[in-house]
Each structure stands twice: as structure tokens, then as C-alpha cells.
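One structure is given here, and the rest of the page talks about it.
The values are calculated or read from the model by the stated rules, or taken from the named source; none is laboratory data. As the structure is a prediction and not an experimental result, all values here were calculated from the model. Using ideal geometry, Cβ is built from the backbone for each residue, glycine included, and neighbour counts are taken over all protein chains shown. With ligands, DNA and RNA removed, areas are computed over all heavy atoms of the protein, side chains included. Shrake-Rupley method; radii C 1.70, N 1.55, O 1.52, S 1.80 Å.
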Amino acid sequence: MDQLILLPIVIPFLTAIICILAYKNYALQRQISMVGSFLLFGVVIWVFTAVYQNGPLSVQPGNWPAPFGITWVVDLLSAIMLVLAGLMMVAVAIYARADIDEHRESLGYYPLYNFLMMGVCGSFTTGDVFNLYVWFEIMLISSFVLLELGGDRRQLEGAIKYMTINVIASMIFLSAVGILYGLTGTLNMADLRGALATAPQGMVITVSMMFLVGFGIKAALFPLYGWLPSAYHTPPTAISAIFSGLLTKVGVYALIRVFTLMFVQDVSYTHNILLWVAGFTMVAGVLGAASQGEFRRILSFHIVSQIGYMVMGLALFTPLALAGAIFYIIHHIVVKTNLFLVSGVVNRLKGTYQLKKIGGLYKKRPFLGILFLIPALSLAGIPPLSGFWAKFALVRAGLEAQSYWIVVASLVVSVLTLFSMTKIWAEAFWAPEPDEGADLEVPPADWWQRVIPVAALCVVTLLIGSTAEWVFQLSLETANQLLDPTLYIQTVLGN
């Protein structure tokens, strides 16, 4: 049973290799990538069910006992992230059939996409800090090439900023890994829990701050977020959608993992810094969004803002707060991916992302207007959609912890988020259509391959909101596992 946790890595890897072998047959690559996406989604559902029913799963390839060998481990947090990754992979794979042109297919879009997903799944399943670095680098290389694929000038500019800043983050991360090994003699995450408790605490705090900076850059935390809104609006929509939904959340996942499992020696210091960073991230992101007039630029700044909510839950470090952070991740991955996909549909119809050049969409395409409103209102936290319940849990946790300033900041940011979503609605959907704004011709197959994943993710958003009690209980159980990692440690190291 434990061996199945390797499949989320093996499936996208084999899919990428087969796509490379079929490098001149783009139609076959599309089909192979689609089959691989659905297969991965089925496997991660299987993994989640096994973990939910039986507890964490762990495997040591080569039969080297932990902490000496390479460890793969999936607990509830990892399983949830794998399911979300599988769902996004399916949605974007369908959308990409209409969105990715033949030129980018010839440059290797499908192998790169699957290598990227292999890196994402590897990050969620590794139990070793050095291998977490390896999977981050696989993601970085794949995402950089995807970001500049096609050679558009805007893409190259965004890709250079993206690569430069993330290489710096990787250097800091690798340096921290080296110091960590020098302090403890181990890089197994479960083993580090005990090893760090007896290490010199001044050095432990220093290393924890290095991890915060390294992962903070990758998660786009304040003040290290500038690369994201400069890059995420430049590639084709299918690429920016998977980036917006998953890549920054891998950074958030890493922060949650290390600051609940490893760096808990001086919570009053480390997590207070996290709380201030979360507050500034919320505010800086939403103010950036409010000043923009381009669909994807607004959404890109909102990625930054919403990351602040997730880190807020980690920083408060209570069961309710962590549950709120996990609920927020579940909600945000679905909603943010969907909003980027909607922006791509709008661009396909109007030939632009500039809001003032669009107009009249609700009158002509009311169904598309509804598909925008559902994730947009959820992002703003309007009840009874998923975003409301996630924010409600975080606000309540902040009040219980008497961190009133972060509660006020989160509520103000929610109002400004609603303002940004209202601006998109007013200018793109509700305002009169400009004289030169006639819709472009969209073939039926192209239209439905774009709309079906958007509609499916809207249904998922509604399901999360309507089953909020079950999702919250799942999030709370996950939070309790994170705060008391005994089961995780026993699964990896044995009794």
C-alpha cells in the first residue's frame, strides 16, 4: 500500500518521457498528456483516501531505514495538496488544448508541463529537506522554460526577473540546508524535529530565518514578491493559470511544513515575524491590485495578497488558525486558477486583457459573467462561498489570539479585494461595449474546451462552500496532525 505514494511522481515523469518520444506528433502529445492528467488525478484520490482512512504513509526506497535513506511520506496535508494538484492538472490540460498554439507545442510544452507537475508532487511527498530543494529546482527549471516559451518580449522580460529572484532564493535555501546538516547531521524532516531541540538555539533561529527568506521568495511574501506580478501575466493563460494556482502554494506548503515540524523552539519569536510578514503581504498585494487596469495584473497582485492570509494562519499557530490556513489554501488554489482561466476566455473573445477595451460581456455572454462572479465573490469572501468560511476561521482565530491588528488588516484587505473584483466586473462585463470591441470568432471546439474547465472549477467552489463543515473538519484534523507530529514521526522513523 505504501508504495502507491510514489505514483504521483512516476506518472507525470513517464508522461513527459512518452511526450518527448512523440515529439513530432503534437496531437498524440495532447492525448498522452490528457491521459496522464486523469491518471494522476485518480491516483491522488486513491492516496488521499488511504491516508484519510489509515493515517500517514511512508516508504524508504532501497530499504535504507530512515533517517539514512531517502524518505517519501504523505500525511493529510500532503494528500490534500496532491488532490488539488491533480485537479488543477486536469482542468488546465483540457484548457490547454485550445490555448497552447502549435509553435509552443513544438518547443516542448507538454513534456515541460508534466515535468513541472512531477516537481510539484515531489515537493509534497518528500520527507527530506535536501530532496525538497531538488524538487524545487525541477519546478524552477520547468517553470522558467514554460514562462519564456514562445520568445515573446514581455515573456522574456518576466522570465528573467522570475529566474533571477528565484535563483537567489535557491542559493539561500541550499545554504540553509548545508548549515542545517552541519548543526544536526541529518536532513530527514522527522529526525530533525528532535535533533533541532538539542542544537544551539541561536543558530537554529538563524537557519529558520534563512528558510523563511528562501521559501518567502518562492511564496511571494512581502517584501520579496515583486517578481510575481512582473511575470505571471506574460505567458499564455494555461501556463499562468497553473502557476497562479500551484507554484506559490508549494512555497506556502514548505513554510507550513518546516515551521510546524522543525522550527518550533521559539514560536514567540519566529511566528511573530511570520505574522508581521503576513500582514504586510496582504496589504501590499491588495494595494497593488487596486492600482491596476489589466485583468491578469490585478489577479497576479491578488495572489500576493491572498498568500498573506495563509501565512497568517501559520503565524497564529493555533489549531483553528492552522485549519483556517489549510481551508484557505484549498479554496484559493481552485478559485485563483479559475479566475486566470476566465481571463483567458475574455482575451480569446476580445483580443485584450485591458479592462477599458473590453466591455459589454455580460450582455452578450451572461453565462461567462456568472462563471466570473462565482470565483470573484469567493475570493472576496462573500458568503456562503468558500472564501467566506476560510476567512471566517482565520478572523475568529485572530480574535481568540487577541491579535486584533491582523484581524483588522484582513478585513480591510477583503473589502479592497471586493473593490478590485467589482472593477473587473464593472469595466469588462457591465460597461457598454467600446465601438471597436466586437467579439472575435471562436470555433465551438475552442470555446467549449475553455469553458468546460472553468465551469467545473466553479462547481468545485460551490461544493467547497456548501460542504464547508466537512472541509473545515478535514482542515482541523490536518492542523492537529501538524501541531502534534507524533504520528508523522512514528510513520517515518518507527516507534
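Of note:
- From helices alone, the chain scores -25500 deg cm²/dmol at 222 nm; the rule is -39500 (n - 2.57) for each run of n ≥ 4 DSSP H residues, then divide by the residue total.
- Taking all Cα pairs closer than 8 Å and separated by 6 or more residues, the relative contact order of region 364-416 comes to 22 percent.
- Other residues lying with their Cβ under 15 Å from the Cβ of G293 contribute a combined charge of +4, Lys and Arg counting +1, Asp and Glu -1.
- Lys/Arg +1, Asp/Glu -1 at C-beta; the chain dipole; positive extreme among V460, Q60, V442: V442
- M421 accessible area, 1.4 Å probe, all protein chains in place, Å² to nearest 10: 10 Å²
- These residues, S291, S403, go from largest to smallest accessible area, 1.4 Å probe, as S291, S403.
- Along the axis of the charge dipole computed for the chain (Cβ charges of +1 for Lys and Arg, -1 for Asp and Glu, origin at the Cα centre), the listed residues Q306, I179, V44 are led at the positive end by Q306.
- Per-residue SASA entry for E148, accessible area with 1.4 Å probe, Å² rounded to 10: 50 Å²
- Probe 1.4 Å - accessible area at H271, Å² to nearest ten: 0 Å²
- Residue pairs, from the table K336/K423; K24/K350; K161/K249; K249/K356; K161/K356, whose Cα atoms sit over 21 Å apart: K24/K350; K249/K356; K161/K356
- Of all aspartates and glutamates in the structure, those lying under 14 Å Cα to Cα from K357, and not within fewer than 8 positions of it along the same chain, are E294, E427, E433, D435, E436, D439.
- The chain: angle of helix 404-424 to the longest principal axis, Cα-based, in degrees nearest 10: 20 degrees
- Helix 468-483 axis, angle to the chain major axis (alpha carbon atoms, nearest 10°): 30 degrees
- Using alpha carbons only, the radius of gyration of the chain set against its Kirkwood radius gives Rg/Rh = 0.95.
- Accessible surface of the chain, 1.4 Å probe, proportion on carbon and sulfur as whole %: 67 percent
- Taking a straight Cα-Cα cut-off under 15 Å and skipping sequence neighbours fewer than 8 places away in the same chain, the aspartates and glutamates within cross-link reach of K391 are E400, E469.
- For the chain, the longest principal axis of the Cα atoms and the long axis of helix 366-380 meet at an angle of about 30 degrees.
- Surface per residue (accessible, 1.4 Å probe) for the chain, Å²: 36 Å²
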